[in-house]
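Working notes for the structure below.
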Amino acid sequence: MNLDFTQFIPSMPYILKGILVTLKIVILAGIIGFILGIILSLLKISSIKILGWLADAYTSIFRGTPLVLQLMLIYFGSPQVIGYQIEPYTAAVLSFALNSGAYISEIIRAGILAVDKGQQEAAIALGVPYGKMMWDIILPQALKNILPALMNEFITLTKESAIVTTIGVMDIMRRSYQVGAENYSFFEPLLIAGLIYYLMVMTLTFLGKALEGRMRRSD
């Protein structure tokens, strides 16, 4: 093997700028996906069956098709469907948020159902409105139980964000590939990209465990 990492040292600042691009996509998509997941989970446990069916259908579609397909449909298909070319960054955030919302909805739904039914019965007996009961009583308890699963989804989102390179978003992978093309050597920059992703995931894992431990101590 003839590896030379020194030739890529001048390009490191350029590659590292991709971290900010990746984080912007992941954080924004994660927030939107979380909000969407809460809404979908509430629809799934709603007494109105048609709402539950619609939420289940949404989840089935986005969990049953590849994320890269959803990304390409939104980006490459937007001119044909809406007559307007969506920006690569916007398409990335939108596709990741819609996909993540489907997975998060199942996580939150499971967390809500795991909360002792006596909590809900007591709130109803006290005349607490449904919305206030879910927001102040049920959801906080559910979130404590599902925090590890939510962090895992966020970590998965971080790794899968690398596919945005297929639509030209200047993330870590795209920049690493460009540096490799300029130097006619791809192994080293792609290995550097892999190391960056690994360090990001390990950081998220550490933060998730710290947050989980803090929430347990607050019980």
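Values in this text are rule-based calculations from the coordinates and carry no lab data. The model shown is predicted, which means the values in this text are computed figures rather than measured ones. For neighbour counting, all protein chains shown are included, and Cβ atoms are generated from backbone atoms with ideal geometry for every residue, glycine included.
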For the pair Ile45 and Thr90, how long in nm is the line joining their label points, each one 7 Å along Cα→Cβ?
-> 3.5
Cα-based Rg of the chain normalised by 2.2 N^0.38 Å, two decimals = 1.23
Efficiency of FRET between Leu69 and Ile27 - r from beta-carbon atoms, R0 25 angstrom, step 0.05 = 0.60
Would you kindly state how much longer the chain becomes between Gln119 and Leu211 on full extension, computed as 0.36 nm times their sequence separation minus their alpha carbon distance, in nm to one decimal?
-> 30.7 nm
What list of ³J(HN,Hα) values in whole Hz, one per residue of the range 149-165 in order, does the Karplus curve 6.51 cos²θ - 1.76 cosθ + 1.60 (θ = phi - 60°) give from phi, with Gly and Pro shown as x?
-> 5, 5, 5, 5, 5, 5, 5, 4, 4, 4, 5, 6, 4, 4, 6, 5, 4
How much length, in nm to one decimal, is gained on full extension between Tyr130 and Ser60, taken as 0.36 nm per residue of separation minus their Cα-Cα distance?
-> 22.5 nm
